[in-house]
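A short write-up of the structure that comes next.
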Amino acid sequence: MRTHSEAERAVLGALLIAPEWVQPVSAILRADDFSEPKHRLIFRACLGLSRDGLDIDLRTVQHRLIRGGDLEKAGGVSYLAGLDSDLPEVSRVEIYSTMVRDLADAKRVAGALRSGLDELQAEGDMDVTSTWARVRSAVDGIEAGRQVGDNATMRDVMTAAVANVELRRQSGRAVGGLRTGFAGLDSWTDGLEAGQLVILAARPGMGKSALAGCIALNTSRAGRPTQLFLLEMSTMEWGHRMIANLGRVPLSRVRAGHLTSDELDRIRAHRDASAGWPLYIDETARRTVPQMAAQSRRLAHRLPAPLACIIVDYLHLVSSEHHAGESTNDRISGIARSLKTLAKDMKVPVLAISQLSRALEARPPAERRPFLSDLRDSGALEQDADMVLFLYRDSVYNKSADPEMAELIIAKQRQGKTGTVHLRWAPEFQLFSGA
């Protein structure tokens, strides 16, 4: 990038090609950072479309500019169409955005210094202390401005909300968010919504990883691209579980390789049938949230359809920078907040698996259904999560209970009611299904 204008064109061209970058870019840039008025108009049009939940592309940006009477001021259709003509690399859009911001801030700082110099050189004005205070205040204001985003007006918010409701009504969809493949859960929640942090928690041995795996299979089978981070399990171990799940072959026999010819043919058929499902699995241990965010953005850029869901198995194994004196509670709180930010920035639901405190084991067996207070290590999980799901199988504690029955307890739902969904559990196949 040789000039401010070229960097600005690169940012705008990237947004037209890869609109999923609008949130990360808007966290770096304000419209006023663009030096050219036409670029400010185009950027504001992109932000407005994003706030309204609409797609960002050449046609929608053009329509938004026409509606505001700004198309010609923004350079016209030919200028919009040419923004991506010299874009070096879309994945570097955050670098271009930082360049635009830094160039804009450099001009602001230079302006503040020039203003101070003019004051000092003005005849009769030798109040150096007062002049320096004004220059320093101006520079501090520039630095603070880096943390400020563009506000959405009440009109923006209500227009987008009503348009979203009208779209759902016209489409006739009973479920507005991502379908998990479990009809009971989808009915209670209206699906997993973009921007939600969903916590799925249980004690060890309840099957929470198996349930998350079932959801990953269901979403990808439906053609919804899903990113799965395995922080504990290897892809081979996970693959064995999915062979048992899809082929209905006991997991113990899958691991031992003791399969009949019919079972081998069946799992090969499922291997071939599932080959095109858009499920992307990362088994790298000690991932940080920024690393997961970067990988998810790269994946989203390559996909022909928008990324639909991110699943993290599991939250307590996510790495973070440890600070002196930081408690486990503080560490988990920070991770939870970062995952919530990831969900909002990527506009997808993030489903994170969590452990429950072993303290509930001290309660009588009949009273071990979990409460929100049982979330392990951090009250921030309850606070930051939009939805908290507890997986509970009574047979783990009460031998007289049906071993095939499971409960998915909706303990918190920010935009809906709480309750219990009943599931059926087949451990030999690592399979959950509707009761």
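Rule-based calculations on the coordinates, nothing more; no lab input. Note that the structure is a prediction, hence the values are computed from the model and not measured. In this analysis, Cβ positions are derived from the backbone assuming ideal geometry, glycine residues included, and neighbour counts consider all displayed protein chains.
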Return the whole-Å distance between the Cα centroid of region 270-322 and the Cα centroid of region 347-378.
24 Å
Checking the table Lys208/Lys412; Lys38/Lys347; Lys340/Lys412; Lys38/Lys344; Lys340/Lys417; Lys38/Lys340 against a 23 Å threshold on Cα-Cα, which pairs fail?
Lys38/Lys347; Lys38/Lys344; Lys38/Lys340
Using all C-alpha to C-alpha distances in region 306-435, build P(r) with 5 Å bins and read off the rounded percent in each one.
2, 9, 16, 20, 20, 16, 10, 5, 2, 0
Got a sec? How would Thr418, Thr60 order by Cβ neighbour count within 10 Å, fewest to most?
Thr418, Thr60
Quick one: compute a quarter of the convex hull surface over the Cα atoms of region 183-285 and quote it in nm².
7.8 nm²
Averaging over every viewing direction, what projected area does the convex hull of the Cα atoms of region 295-363 cover, in nm²?
6.2 nm²
Can you give the Rg and Dmax of region 1-91 based on its C-alpha atoms, in angstrom?
11.8, 34
Most positive-pole-ward Cα, Thr3, Ser35, Ser91, against dipole of region 1-102 from beta carbon charges
Ser35
Relative contact order of region 175-434: what whole-number percent is it, with Cα pairs under 8 angstrom and at least 6 residues apart?
28 percent
Ratio of region 62-114's C-alpha Rg to 2.2 N^0.38 Å, to two decimals?
1.54
For region 175-434, would you read off the P(r) tail past 28 Å as a percentage of all alpha carbon pairs?
33 percent
